[in-house]
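The values are calculated or read from the model by the stated rules, or taken from the named source; none is laboratory data. Since the structure is predicted, the reported quantities are computational estimates derived from the model, not experimental observations. Because the Cβ atoms are built from the backbone with ideal geometry, glycine has one as well, and the counts that use them run over all protein chains shown. Note: areas computed on protein heavy atoms with side chains; ligands, DNA, RNA excluded. Shrake-Rupley method; radii C 1.70, N 1.55, O 1.52, S 1.80 Å.
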Amino acid sequence: IRCWSNIPFITMPLSRAHGKSFAHRSELKHAKRIVVKLGSAVVTRGDECGLALGRLASIVEQVSMLQNQGREMMIVTSGAVAFGKQRLRHEILLSQSVRQALHSGQSQLKDMAIPVLEARACAAAGQSGLMALYEAMFTQYSICAAQILVTNLDFHDEQKRRNLNGTLHELLRMNIVPIINTNDAVVPPPEPNSDLQGVNVISVKDNDSLAARLAVEMKTDLLIVLSDVEGLFDSPPGSDDAKLIDIFYPGDQQSVTFGTKSRVGMGGMEAKVKAALWALQGGTSVVIANGTHPKISGHVITDIVDGKKVGTFFSEVKPAGPTVEQQAEMARAGGRTLAALQPEQRAEVIYRLADLLTDQREEILLANKKDLEEAENKGRLALPLLKRLSLSTSKLNSLAIGLRQIAASSQDSVGRVIRRTRIAKDLDLEQVTVPIGVLLVIFESRPDCLPQVSALAIASGNGLLLKGGKEAAHSNQILHHLTQEALSIHGVKDAVQLVNTREEVEDLCRLDKLIDLIIPRGSSQLVRNIQKAAKGIPVMGHSEGICHVYVDVDASVEKVTRIIRDSKCEYPAACNALETLLIHRDLLRTPLFDQIIDMLRVEQVKIHAGPKFASYLTFSPSEVKSLRTEYGDLECCIEVVDSVQEAVDHIHKYGSSHTDVIITENEKTAEFFLQHVDSACVFWNASTRFSDGYRFGLGAEVGISTSRIHARGPVGIEGLLTTKWLLRGDNHVVSDFSEHGSMKYLHESLPLPQRNTN
């Protein structure tokens, strides 16, 4: 706890040796001293006359939040000229209207021309008002602000530099936010560009160079430059092929074309890049981002400090491999080549991968052993996740069998004709299956997921980006290497990419121009986070696996305990494991009920009582906190229902539309349950654990979808395909089919070509 003026505030342990900039965005959260440079386009309104008060208030709120975390914040601001222009125009209009009224004697005013206002005069008139506005805003967060006006001479005079440095350090020590601006009221006209020759020489001729000079002088960790563009592009923003550069390295400026400067302000993007590179050379990390976009300006500064992928990050450390954007483009190109292969060739790749899983099992298990040892030593993974992380010879053999099933069933997947229609004479329409495009699969603690998903992507001709958990890094690395080895037999190695960079999942979910479908494989929390973060990209999956088994009054004694034991105890961490057991009221205090309870106790399943079940018992187990709970362990909830209809209602209210089961010998009751339960998988007298792509004969699955659109339940090859329409004509035009045209629509259904069933 530090104190100033009797007001305590918490400080964060944010200290590091200055002299080297951060290498990765993820390190920006450790920045202690931060300069935020607000460009003229950020601070001023669109009419360049007056301030954008909403944006300014949002920026002040973010700076205050970071300041109250214990960081040392400084602002380099524009806006004095615009604010002064607004005030002077008002004064001139008022003065002219008075004079005109006196001279004309009329109440109606003519159009009045406003003279061009000199920038220095505007700055002089606007400085005090701008500062007063900042002070009023920061006061709302119990933060004091102080104004400092500088010119180029203040940096060239050694004594003035020391004085400025001392003043800023003292203000920061007292938890005051310095607000710095060039003293535009006395600043001379811009000099020829003779600066930027060395780390100690940069002229202060605009606020970009001022911010860079200040950042280096004050040994700042991070400089955030906010402008009216998203960051740095490889060609002028707005052009057809312009792409935002995520990370910019010294030397890359040769490949960049600079556009014109912003609508207001002294410096354009070229000036910003030069200033940013100068600051980077001095040991300060830099991010250039958009501070005017209404959807992101409210959190752009805090997002940058959190390490999120916003704007362009300047780094001196170039990664060894491609960026995730480059990987996505490689996956798209590789996927298109993959889709163009013959079905037999795609099957050959999958068969080869299946062989490699068994041939290289020792290397795979050795890598997996490293992951398990590291996870156990760090103690970060719960027991269910450790079980998912573990590979074994039997698991690899099962994987290989599943992959061979996929290869065998993939012969007629891509390019299959599913509808043929004769629109008119010599005009035939076909609907054919095609790959979705580029899939992003994010999975936790499940290295066996990698070859399964890869095989399904290969079979369906999709490009694939894989993002595995760091707890399975060694296992994922060798499995991906084997996948690429298999792909290499037909020259499509790039179709499957493993993301190894420090990319946050949330950042991956923003690549809507590169990724067509996201498939999360992991905890319900992971799925929910991805569904929330995905911007414009559909997400296939389920957030929870709350599976029910309903024991009907007509249930078979022999079947009940077997099905319940298998559903709950065979693999309790699975998403298709039993979580809530519904029992018909008439079965309470019967031998069957006692058998169920005894079996669960023997299997060491912890029981939670639902509200109705608890009301029947004198001494009940712990009452459940929520009937909508996925335990993922040897725990389950027991609840009582009066009928099959009440069981259906309970499932609809508390379930997750995943997998639900009825155990009964009454066929009519069973059919009612099968028809009325609205879940992806509904079973009669069978374990919930059958809800699986391999057990369904799909070979494997990319996941289980509870969505109602496109694919539902275990998703195999079919769920990774979409369709396109092919129309073959001969000089056909729509006008021929008009009322007085020469042609008529036939819309005849045509037979489908014979499918390959071998």
key: Residue list for the range 698-710, filter: among the β-branched types (Val, Ile, Thr) and open to solvent by 100 Å² or more (accessible area, probe 1.4 Å)   = Ile709
query = Can you tell which of Asp507, Asp554 is touching an Asp or Glu at 6+ places or on another chain (Cβ under 8 Å) and of a type in the set (Asp, Glu)?
reply = Asp554
request  = Would you check which residues across the range 489-507 are over 15 Å from the mean Cα position of the chain (by Cα) and not aliphatic (A, V, I, L, M) and list them?
outcome  = His490, Gly491, Lys493, Asp494, Gln497, Asn500
query = So which strands (runs of 3 or more DSSP E) stay within the range 670-744 end to end and still have 1 or more residues that are of a type in the set (Val, Ile, Thr), under 32 Å from the mean Cα position of the chain (by Cα) and under 21 Å from Val414 (Cα atoms)?
reply = 713-715, 721-728
task = State all residues of the range 592-637 that are surrounded by fewer than 12 Cβ atoms within 10 Å (Cβ to Cβ) and closer than 18 Å to Tyr654 by Cα; if no residue qualifies, say none.
result = Pro611, Lys625, Ser626
task = Taking Thr618 as the residue in question, decide whether it is free of Cβ contacts under 8 Å to residues at least 40 places away in the same chain, of a type outside the set (Gly, Ala, Ser) and over 23 Å from Asp552 (Cα atoms).
result = yes
query = Applying the selection to the range 388-398, what residues are surrounded by 17 or more Cβ atoms within 10 Å (Cβ to Cβ) and either touching a residue at least 24 places away in the same chain (Cβ under 8 Å) or under 30 Å from Asp736 (Cβ atoms) (or both)?
reply = Arg388, Leu389, Leu391, Lys395, Leu396
request  = Give me the pairs, please: first residue somewhere in the range 451-474 and on the phi < 0 side of the Ramachandran plot, second residue anywhere and among the acidic types (Asp, Glu) and open to solvent by 10 Å² or more (accessible area, probe 1.4 Å), beta-carbon distance under 6 Å, and either six or more positions apart or on two chains.
outcome  = Gly469/Glu444
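One line per residue, one yes/no per condition, for (1) of a type outside the set (Gly, Ala, Ser); (2) surrounded by fewer than 16 Cβ atoms within 10 Å (Cβ to Cβ):
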residue	(1), (2)
Ile546	yes, no
Tyr550	yes, no
Glu558	yes, yes
Ile564	yes, no
Ser567	no, no
Leu578	yes, no
Leu582	yes, no
Thr590	yes, yes
inquiry  = Against the conditions (1) out of contact with any helix residue (DSSP H, G or I) (no Cβ under 6 Å at 6 or more places or on another chain); (2) more than 23 Å from Ala375 (Cβ to Cβ); (3) crowded, with 24+ Cβ neighbours inside 10 Å, where does Leu429 fall short? Just the number, please.
reply    = (3)
inquiry  = Between Val414, Val432, Val492, which is among the aliphatic types (A, V, I, L, M), modelled with pLDDT of 95 or more and touching a strand residue (DSSP E or B) at 6+ places or on another chain (Cβ under 9 Å)?
reply    = Val432
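Residues to consider are Ile418, Ile406, Ile401, Ile423; find the one that is surrounded by fewer than 19 Cβ atoms within 10 Å (Cβ to Cβ), not in a strand (DSSP E or B) and not assigned by the TED database to the domain that holds Tyr694.
None of the others qualify; the one that does is Ile401.
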remark   = Of the residues in the range 32-53 that are open to solvent by 40 Å² or more (accessible area, probe 1.4 Å) and under 20 Å from Ala132 (Cα atoms), the one that is modelled with the highest pLDDT is Leu53
query = Among all residue pairs at least 6 apart or on different chains, which show Cβ distances below 8 Å where the first residue, located in the range 732-750, is outside the structural domain of Ile423 (by the TED database) and the second is among the acidic types (Asp, Glu)?
reply = His732/Asp426; Ser742/Asp736; Met743/Asp736; Leu750/Asp428
remark   = Among (1) at pLDDT below 90; (2) touching a strand residue (DSSP E or B) at 6+ places or on another chain (Cβ under 8 Å); (3) closer than 30 Å to Pro319 by Cα, Gly19 falls short only on (2)
Total residues in the range 64-84, condition in a helix (DSSP H, G or I), in contact with a strand residue (DSSP E or B) (Cβ under 9 Å, 6 or more places away or on another chain) and closer than 23 Å to Asn183 by Cα = 4
Residues satisfying the stated conditions in the range 732-741, i.e. out of contact with any Ser or Thr (no Cβ under 9 Å at 6 or more places or on another chain) and either open to solvent by 100 Å² or more (accessible area, probe 1.4 Å) or more than 20 Å from Leu429 (Cα to Cα) (or both) = Val734, Glu739, His740
query = Scanning for something open to solvent by less than 50 Å² (accessible area, probe 1.4 Å), polar (S, T, N, Q), modelled with pLDDT of 95 or more and closer than 30 Å to Ile401 by Cβ, does the range 664-672 turn up at least one residue?
reply = no
ask   = Looking at the range 61-82, is at least one residue modelled with pLDDT of 75 or more, among the charged types (D, E, K, R) and open to solvent by 40 Å² or more (accessible area, probe 1.4 Å)?
value = yes
request  = Please enumerate the residues belonging to the range 290-304 that are in contact (Cβ under 8 Å) with a residue 24 or more places away in the chain, under 17 Å from the mean Cα position of the chain (by Cα) and more than 19 Å from Ala212 (Cβ to Cβ).
outcome  = His299, Val300, Thr302
ask   = in contact with a Phe, Trp or Tyr (Cβ under 8 Å, 6 or more places away or on another chain), under 30 Å from Phe672 (Cα atoms) and without any contact (Cβ under 8 Å) to a residue 60 or more places away in the chain - does that describe any residue in the range 563-572?
value = no
query = What number of residues within the range 711-731 are surrounded by 10 or more Cβ atoms within 10 Å (Cβ to Cβ) and touching a Leu at 6+ places or on another chain (Cβ under 9 Å)?
reply = 13
ask   = Inside the range 431-539, counting only helices (runs of 4 or more DSSP H) that do not spill past its ends, which hold 3 or more residues that are more than 25 Å from Val349 (Cβ to Cβ)?
value = 505-508, 524-533
remark   = Counting only residues that are open to solvent by 60 Å² or more (accessible area, probe 1.4 Å) and in a helix (DSSP H, G or I), the range 356-387 contains a total of 14
